[in-house]
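Worksheet: the structure to be examined is printed underneath.
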Amino acid sequence: MGIEEVDKSPVLNCSVVVHFQIDRPTTMAKQPVRMKAVVYALSPFQQKVMSGLWKDLPGKIKQKVSENWLNAFLFLSPLVGTYAYVQQYKEKEKLAHRY
């Protein structure tokens with residue numbers, strides 16, 4: 001296997017070189033490294049950014065309710081029961097101290 005065969009390899013041709021620029025000469029301490037950043041932005045030509053949010057909204061709500069009705073019932077039942085008990089207890093106390 002010669003050098004020519006290694007240079008023609010597709011693995012070696014698909015390499016990525018990352019270059020960092022250091023501000024000061026290298027010393028024992030850590031030096032700040034200047035890196036380029038990738039900035040993502042919306043295209044000014046894109047007009048319907050959130051159109052999918054409102055598309056078939058009743059269908060999405062129906063699906064969420066049908067998937068989670070048992071969990072919602074099990075979560076809300078103790079809360080509603082406790083609230084009803086407290087309201088009944090307060091009314092009973094109010095009627096007991098009326099004289």
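The values are calculated or read from the model by the stated rules, or taken from the named source; none is laboratory data. Everything numeric in this text was worked out from a predicted model, so none of it was measured. Here Cβ is always computed from backbone atoms with ideal geometry, including for glycine, and neighbour counts include all displayed protein chains.
For the stretch 42-99, the set of residues classified as of a type in the set (V, I, T) and either part of a helix (DSSP H, G or I) or more than 26 Å from the chain's Cα centre (by Cα) (or both) consists of I61, V65, V80, T82, V86, listed by residue number. Out of curiosity, is Q87 touching a Lys or Arg at 6+ places or on another chain (Cβ under 7 Å), surrounded by 10 or more Cβ atoms within 10 Å (Cβ to Cβ) and at pLDDT 65 or above? So Q87 fails the test.
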